[in-house]
Ligand code: GYE
């Protein structure tokens, strides 16, 4: 090579290097690879969330490695470990439960792979184990639900609660906010509180059991998500009762089907929890990878739908 260079005219070398550097600048950038550890597919909310992340990745030319955790944290932990082994550029986790994340987050940090926690929070002693959290304020959602109830219960007082997945931030915070709110309104009485795992089928079977146990004493249903409320509605109707009238129903998520049910008078109130995080997640990931600073915590501002605004909102609901 040295010998060859000796004989090449200087001008040719200059031209060649110029050409090479031009090529490097023009070459298409390597697409970003993001690993996404999703919880599973437990609800319509979740389906919309998955679609938002997949569609937005496709639109931006992001190479998305998607893992469905099938509602098991161990699957999510294995997915994150595999993303680290594959040396993805960034990892997004929608944690099923709040605890148990420290070791795997520490591994990601050691490998210098930024992690964005989406939707549900994690409980870790050291917040530097993840780069950013983007989600919703579940406590605020529960607070809005109980405040709506306090104003609109119309003398009904006996409540049953359908909780979300045990150990999830969404269930923990929505339960706590509701209990805190009820403490300010001693007229209400919590008859029973059981998990329906955020699933429609379980919402139905658990409501059937609750109706058997408490009969017509149940005046109010508070469900931690719409899917469980919609399942419970089937149980209520099969028991010959009118949802929304015999039993007041307050729920969370505001999926289109639930807003329609509010318009139809079968659900009385649904508090919004927007799952369409795709654009915000990838904006954040792209900023992080460019070395820009991003907010550590950010959450959406959510609305509430009841008989006053549901009908008008139905046509524009996006999930
Ligand atoms: O409310 C529920 C889903 O974590 C906010 O998970 C999410 C919850 C949502 O299964 O429908």
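Specify the residue with the greatest mean-square fluctuation among 60, 87, 200, computed from a Gaussian network of the chain linking alpha-carbon atoms under 10 Å apart. Looking only at 60, 87, 200, the biggest GNM fluctuation is shown by 60. The shape of region 122-166 can be summarised by an equivalent ellipsoid whose semi-axes, obtained from the alpha carbon gyration tensor, come to 33, 13, 7 Å from longest to shortest.
Annotation: extensible slack from residue 318 through residue 216 equals 33.1 nm (criterion: 0.36 nm per residue apart, minus Cα-Cα distance).
Shown here: region 30-164, whose C-alpha atoms stretch 61, 35, 23 Å along the first, second and third principal axes, sorted largest to smallest. With contacts taken as Cα pairs under 8 Å and at least 6 residues apart, region 178-319 reaches a relative contact order of 19 percent. Here the relative contact order of region 85-134, from alpha carbon pairs under 8 Å that lie six or more residues apart, stands at 42 percent.
Calculated over the chain, the projected area of the Cα convex hull averaged across directions stands at 20.8 nm².
For region 109-251, the alpha carbon convex hull comes to 110 Å³ per residue, rounded to a whole number.
Extension gain for the segment residue 299 to residue 205, taken as residue separation times 0.36 nm less the Cα-Cα distance, is 30.6 nm to one decimal. Between the C-alpha center of region 246-277 and that of region 139-208 there is a gap of 14 Å. Divide the volume of the convex hull around the Cα atoms of region 270-315 by the residue count and you get 82 Å³ per residue.
Here the Gaussian network model covers the chain, with springs between Cα atoms less than 10 Å apart; of 89, 302, 126, 126 fluctuates the most.
Taking every alpha-carbon pair in region 155-200 and binning the separations at 10 Å intervals from zero gives 26, 51, 22, 1 percent. Of all DSSP bridge pairs formed entirely within the chain, close to 5 percent run antiparallel. Give me the log10 of I(q) over I(0) for region 191-319 at q = 0.10, 0.12 Å⁻¹, as the Debye formula computes it from C-alpha points; what are the numbers? Those come out to -0.39, -0.52, one per q. Normalised by residue count, region 141-223 yields a Cα convex hull volume of 82 Å³ per residue. Full extension of the segment from residue 245 to residue 128, taken as 0.36 nm per residue of separation minus the current Cα-Cα distance, would add 37.3 nm.
What relative contact order, as a whole-number percentage, does the chain give when Cα pairs under 8 Å and 6 or more residues apart are counted?
Once normalised by length, the contact order is 16 percent.
Read-outs: derived from the displayed coordinates by stated rules, not from any lab. No experiment lies behind these values; they were computed from the predicted model shown.
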